[in-house]
Amino acid sequence: MSTSPLVIAIDGPSGSGKSSTSRGVANRLGLAHLDTGSMYRAVACRVAHLGIDPTVNPRDAIEVARACHLEVDTSAIGSRVVIDGEDVTAEIRDPQTSAKVSAVATIQPIRDALTARMRQVAADRGRIVMEGRDITTVVCPDAQVRVLLVADPAVRIARRQAELGEKVDMAQVIDSIVRRDRDDSTVSTFEEPAEGVTVVDSTHLDLDQVIDTVIDLVPVSLR
Ligand SMILES: Nc1ncnc2c1ncn2[C@@H]1O[C@H](COP(=O)(O)OP(=O)(O)O)[C@@H](O)[C@H]1O
Ligand SMILES: Nc1ccn([C@H]2C[C@H](O)[C@@H](COP(=O)(O)OP(=O)(O)O)O2)c(=O)n1
C-alpha cells in the first residue's frame, strides 16, 4: 500500500451517495475520511443551542464557527462529532438540523473558518477521502482525485426517504433535497463539474459499483 499523500475529493448534491461512497472508498483503501457536511451541521446545532438566529445575527454565528472546539471522527467507520464538549452525533442528522444548516453554510466567513479547519485535517491525515460541496473547487482543488457524484433528484429523494423510515414527513424530505440544494448552490458549484472533475452518476449504479468506479480513478501508484 502506498504512503504517498492522497486526497480524494467527492462533491455532490444531497442524497447522491457521498457519505456511503466516501466511507466505502476510505475503508477499501485504508484512508481517513472527513464528512465536511458534519462540520456545518455541528455549527448549526451549536448556534441553535446558543439561541442565535444566523439570519438575524450572522456575526454571532460567525464567532461560533471561528471560536468553537470541534472534534470530528476521521476514521472510515466512525462518525462521532463533538462541538464545545457536546456530543451532537445524532442531532446533526435530525431533519430539523437539515432544515437549518444552509442558513449557516451560506455565510461566507463561516465557510472560510471551516475551510481552514478542513485543510488542516487533510494536512494532518495525509491520505484521506473528503466529501462535501466545494472540496473539488475550493477546499482541495489540487486533490489527486476529484469527483462530482450526481443522481437524479427523484432517486435521491427516494433514497433519503428509505433511509429515514416510514414515519418521515415527505414534504420535509423534499425540502431537505430540493430547497437545500437550491440554497447551497448559491455559495458552492456542485451542480456542474469544474475543469478536471470526473462526473460519476449513481442513478443506475449500486453502492459497490460506485465505490469501484471511484477507486478506478485512483492512480495505481497511489493506492
Ligand atoms: N449507489 C447507491 N444505490 C442505492 N442507494 C444508495 C447508493 N448510494 C447511497 N445510497 C443510499 O442513499 C442514502 C443517501 O446516501 P448518502 O451517502 O447519505 O448521501 P449523501 O452523503 O450524498 O447525502 C443512504 O441511505 C445510502 O445508503
Ligand atoms: N463542503 C461543504 C459541505 C456541506 N455543506 C453544507 C451543505 C449542506 O446543506 C450541509 C450539510 O451537508 P451534508 O453533506 O451533511 O448534507 P447531505 O448529507 O448531502 O444531505 O452543509 C457545504 O456548504 N459545503
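Take residue 174 and decide whether it is more than 13 Å from ligand 2 (Cβ to nearest atom) and not polar (S, T, N, Q).
no
Within region 170-177, does at least one residue satisfy the condition of being more than 12 Å from ligand 1 (Cβ to nearest atom), over 16 Å from the mean Cα position of the chain (by Cα), outside any helix (DSSP H, G or I) and farther than 19 Å from residue 19 by Cβ?
no
Out of (1) within 11 Å of ligand 2 (Cβ to nearest atom); (2) of a type outside the set (A, V, I, L, M); (3) open to solvent by 70 Å² or more (accessible area, probe 1.4 Å), what's the single condition that is false for residue 133?
Against the list (1) within 11 Å of ligand 2 (Cβ to nearest atom); (2) of a type outside the set (A, V, I, L, M); (3) open to solvent by 70 Å² or more (accessible area, probe 1.4 Å), residue 133 comes up short only on (3).
Results for (1) among the β-branched types (Val, Ile, Thr); (2) within 12 Å of ligand 1 (Cβ to nearest atom); (3) in contact with a helix residue (DSSP H, G or I) (Cβ under 8 Å, 6 or more places away or on another chain); (4) at pLDDT 95 or above, shown as yes or no for each residue.
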{"position": "4", "(1), (2), (3), (4)": "no, no, yes, no"}
{"position": "13", "(1), (2), (3), (4)": "no, yes, yes, yes"}
{"position": "22", "(1), (2), (3), (4)": "no, yes, no, yes"}
{"position": "35", "(1), (2), (3), (4)": "no, yes, yes, yes"}
{"position": "41", "(1), (2), (3), (4)": "no, yes, yes, yes"}
{"position": "49", "(1), (2), (3), (4)": "no, no, no, yes"}
{"position": "75", "(1), (2), (3), (4)": "no, no, no, yes"}
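Only one residue in 171, 151, 143 is out of contact with any Leu (no Cβ under 6 Å at 6 or more places or on another chain), farther than 27 Å from residue 118 by Cβ and either open to solvent by less than 30 Å² (accessible area, probe 1.4 Å) or free of Cβ contacts under 8 Å to residues at least 24 places away in the same chain (or both), so which one is that?
Selected residue: 171, the only one of 171, 151, 143 that is out of contact with any Leu (no Cβ under 6 Å at 6 or more places or on another chain), farther than 27 Å from residue 118 by Cβ and either open to solvent by less than 30 Å² (accessible area, probe 1.4 Å) or free of Cβ contacts under 8 Å to residues at least 24 places away in the same chain (or both).
Quick one: would you say residue 206 is of a type outside the set (Phe, Trp, Tyr), in contact (Cβ under 8 Å) with a residue 60 or more places away in the chain and out of contact with any Leu (no Cβ under 7 Å at 6 or more places or on another chain)?
Spelling it out, it is not the case that residue 206 is of a type outside the set (Phe, Trp, Tyr), in contact (Cβ under 8 Å) with a residue 60 or more places away in the chain and out of contact with any Leu (no Cβ under 7 Å at 6 or more places or on another chain).
The values are calculated or read from the model by the stated rules, or taken from the named source; none is laboratory data. Everything quoted here is computed from the prediction, not taken from an experiment. Here Cβ is always computed from backbone atoms with ideal geometry, including for glycine, and neighbour counts include all displayed protein chains. What goes into the accessible areas is simple: the full protein's heavy atoms, side chains included, and nothing from ligands, DNA or RNA. Shrake-Rupley method; radii C 1.70, N 1.55, O 1.52, S 1.80 Å.
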